[in-house]
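Take a look at the structure below.
The values are calculated or read from the model by the stated rules, or taken from the named source; none is laboratory data. Predicted, not measured: the structure shown is a model, and the values here were computed from it. Note that each Cβ is placed from the backbone with ideal geometry, even for glycine, and that neighbours are counted across all protein chains shown. To get the accessible areas, we keep the full protein, side chains included, count just its heavy atoms, and leave off ligands, DNA and RNA. Shrake-Rupley method; radii C 1.70, N 1.55, O 1.52, S 1.80 Å.
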Amino acid sequence: MPGGLFGYRLLADPRFNKGTAFTEDERDAFGLHGLLPPRVATMDEQVSRRLAAFREFATDLERYAFLRDLQDTNETLFYALLAQNLEELLPIVYTPTVGAGCRSFSRLFRKPRGLFLSLPRKGTLRQILANPLFDKTEVIVVTDGERILGLGDQGAGGMGIPIGKLALYTACGGIDPAAALPVLIDVGTDNAENLRDPLYVGWNHARTRGEEYDAFIEEFVSAVTERWPHVLLQWEDFAKGNANRLLERYRDRLCTFNDDIQGTAAVATGTLLAAINVTGLPLSEQRIAIFGAGSAGCGIAKLLLAAMVAEGLDAKDAARRFYLVDRDGLLIEGMNGIAEFQRPFLQPRAAVDGWGNGGVISLRDVIDKAKPTALIGVSGQPGAFSEEIVRAMAAQHARPIIFPLSNPVSCAEATPADIDRWTEGRAVVGAGSPFPPLMRRGASFSVDQTNNSYIFPGVGLGAIATQSRRITDTMFMAAARALADLSPAKNDPEANLLPSVTALHEVAIAVAIAVGKQAYAEGLTTGVTADTVEAAVHARMWTPRYATYCVGGAG
């Protein structure tokens, strides 16, 4: 019997509900006659019905709310619908619409999902996590809601991100939804609109920082490792002041990673490696400008630097090939307020003498003086890649690489269509969010969505399948290279850099195998060998199919 449930309680549990797909025998056994219409439907019929209803809504936010309601009503059907229509539904479940979902979270909230751990509950987290409902947990995505996409502090509304990320863990990576736990660490919010909103569902208090914040995070991590010693913990959308330091504090205590830092770095590195098939310029000769020198920008630079060193460059020489630009201009030696993770990429003052006007070296100055071959944006500043800047890149290189990676769409540094027009179709473009296709050589050309969804589902699957004790930077390098190996441009320079989003399931498998083998090579795994990693990955994959229920268990 499914969880000891019967009658309406069975229909109300999204883990076991099958809706109209309950068979006659199941309706007899579990008291469902009269609670459902008489016709027994197949899952394919249910998917067709839900897809038709989805398409009738007028706005993406309505579609997002519809899918969230379906997920909280019938998980299996939700994942069948998502898996079969990934290209159409991904922009709704994930970026860019998830951003609007976070902003409207308090008004859309209907049913609980995951855990809301608020600071007033400090000292009780072990008790909360002990709930038997979470016994099967293998992967947690956690946020404190402070830096949601490019939208800033969304407070409790940030819970939309862990829910969306874990939906992709299942749809793309095959993680059993029963093993996925979204968590919101609610330490208040500095979002004035939330604090004024009488309908705000979070803790209505200014955001807590400092020692009290750190102690609450420590209580959470300690409770997690005691409850689930082998869990994978993914940090998501923490602000610059916390993201790197929390990763460094906990990365050697449990199997954990920060997707904004390491996942973004891996997808950018994999896509840039794929772009070399188009431009013909080796990675060791690339000069890379990164606009946005926070956790994500420095994470990208760090992984690309490691790839350059692997190709034979001296680490110090490789670091000089990166030009990180933030709100105060190019990062150079002697600047105030430099974070520790930014220090490896400070340009020597002597090397950039005379570049700036009035002491501040702007992005345009970097384009003119350094002549970067690649321009990557993770700033969240819409329009930062102006026509002037893009045309300057195009004037210097036959095939400039330009990646406006900020999301959602409203925060992109430039649109692919503008970049394509300003470079006469010569730019190699990747974007962080989905954009309409371009017209190239008289045909439609899809824009590569250089998004973490190509990386984190496979990293998680590989770590879980091999019971890896840690997640290392070299495992993310393995993920990046696995993604680059799947590039259509590898065989045709005129093709896309990345596989279609319809292939994200296959991408996750390839990434998981590469990550699992790297984890084994580093001595981090349990119960696998290099030859059995692939089988272990496939064995752990869940597919959305209805189980047959009978009194006493599920068959």
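A quick yes/no check of all residues on (1) modelled with pLDDT under 95; (2) assigned to a loop (DSSP other than H, G, I, E, B):
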site: 302; (1), (2): no, no
site: 313; (1), (2): no, yes
site: 324; (1), (2): no, no
site: 334; (1), (2): yes, yes
site: 337; (1), (2): yes, yes
site: 344; (1), (2): no, no
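Please pick out the residue among 276, 288 that is under 22 Å from residue 399 (Cβ atoms), in contact (Cβ under 8 Å) with a residue 60 or more places away in the chain and of a type in the set (A, V, I, L, M, F, W, C). Break it down into steps so the answer makes sense when it comes.
Numbers: 276 fails: in contact (Cβ under 8 Å) with a residue 60 or more places away in the chain.
Checking each option against the conditions leaves just 288.
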Checklist line | Positions within segment 385-441 being outside any loop (DSSP other than H, G, I, E, B), crowded, with 19+ Cβ neighbours inside 10 Å, of a type outside the set (Phe, Trp, Tyr) and touching a residue at least 40 places away in the same chain (Cβ under 8 Å), in sequence order | finding: 401, 409, 411, 428, 430
Note to self: Restricting to segment 66-83, give me the number of residues that are open to solvent by 30 Å² or more (accessible area, probe 1.4 Å), free of Cβ contacts under 8 Å to residues at least 60 places away in the same chain and under 20 Å from the mean Cα position of the chain (by Cα).
What the structure shows: 0
Next item on the list: Return the pairs, sorted by first residue and then second, in which the second residue is in a helix (DSSP H, G or I) and open to solvent by 20 Å² or more (accessible area, probe 1.4 Å), the first residue lies in segment 291-319 and is acidic (Asp, Glu), the beta carbons are less than 9 Å apart, and the residues are 6+ apart or on different chains.
Entry: 311/284
Check: Can you tell me which residues in segment 458-489 are out of contact with any Lys or Arg (no Cβ under 9 Å at 6 or more places or on another chain) and either modelled with pLDDT under 95 or open to solvent by less than 20 Å² (accessible area, probe 1.4 Å) (or both)?
Finding: 458, 459, 460, 468, 475, 476, 479, 480, 482, 483, 487, 489
Margin query: Among (1) out of contact with any helix residue (DSSP H, G or I) (no Cβ under 8 Å at 6 or more places or on another chain); (2) more than 26 Å from residue 452 (Cα to Cα); (3) open to solvent by less than 10 Å² (accessible area, probe 1.4 Å), there is one condition residue 367 misses while meeting the rest; what is its number?
Written below: (1)
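Could you check segment 140-160 and list, in sequence order, the residues that are open to solvent by less than 10 Å² (accessible area, probe 1.4 Å) and modelled with pLDDT of 95 or more?
At the first step, the residues of segment 140-160 found to be open to solvent by less than 10 Å² (accessible area, probe 1.4 Å) are 140-145, 148, 155-160.
Of everything in segment 140-160, those that are open to solvent by less than 10 Å² (accessible area, probe 1.4 Å) and modelled with pLDDT of 95 or more turn out to be 140, 141, 142, 143, 144, 145, 155, 156, 157, 158, 159, 160.
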Check: Restricted to segment 109-126, and to residues that are outside any helix (DSSP H, G or I), farther than 17 Å from residue 182 by Cβ and not small (Gly, Ala, Ser), which residue is least open to solvent (accessible area, probe 1.4 Å)?
Finding: 124
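Only one residue in 173, 188, 202 is over 26 Å from residue 110 (Cα atoms), in a loop (DSSP other than H, G, I, E, B) and not hydroxyl-bearing (Ser, Thr, Tyr). Which one?
Working: 188 fails: over 26 Å from residue 110 (Cα atoms); 202 fails: over 26 Å from residue 110 (Cα atoms).
Only one candidate passes the filter, namely 173.
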Check: Is there any pair with a first residue in segment 195-209 that is closer than 20 Å to residue 242 by Cα and free of Cβ contacts under 8 Å to residues at least 24 places away in the same chain and a second that is crowded, with 16+ Cβ neighbours inside 10 Å and not aromatic (Phe, Trp, Tyr) whose Cβ atoms are under 7 Å apart and which are 6 or more apart or on different chains, and what are they?
Finding: 206/188
